[in-house]
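Below you'll find the structure, written out as structure tokens, and then a few comments.
The values are calculated or read from the model by the stated rules, or taken from the named source; none is laboratory data. Here the structure is a predicted model, which means the values were calculated and not measured. Every residue, glycine among them, receives a Cβ derived from its backbone with ideal geometry; neighbour counts consider all protein chains shown. For accessibility, only protein heavy atoms count, side chains too; no ligands or nucleic acids. Shrake-Rupley method; radii C 1.70, N 1.55, O 1.52, S 1.80 Å.
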Amino acid sequence: MISCKEPSSVVQGDLGRSEWDGKFIYLQLLNDKEMQPEILDSAMISNGKFQFEQSAIIPQTALLSVEKQN
């Protein structure tokens, strides 16, 4: 049996702050035309940690943002 898996990249982080638990963190790329961030993925923060896994096409600079706290 032969299996083919697409290349992928993993972004892991530890905010070290449990007050962010249950909040979402967003992985964003800047669009080429308007230079505005576009959400590529989101993850829920648990125990101060998060992880994204994306197909790797080309290296890119990305932004991370967390939704506002109450």
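Using a probe of 1.4 Å, the accessible surface attributed to Asp14 totals some 100 Å² when neighbouring protein chains are kept in position. In this label model, Ser8 and Glu38 are separated by 2.2 nm, measuring between points 7 Å along each Cα→Cβ vector.
Just subtract the alpha-carbon distance of Gln54 and Arg17 from 0.36 nm times their residue separation and send over the number in nm, one decimal.
Working: separation 37, 0.36 × 37 = 13.32 nm, distance 2.47 nm.
Residue separation times 0.36 nm, minus the Cα-Cα distance, leaves 10.8 nm.
Seen from Gln51, the other residues with C-beta closer than 12 Å to its C-beta sum to a net charge of -2, counting Lys and Arg as +1 and Asp and Glu as -1.
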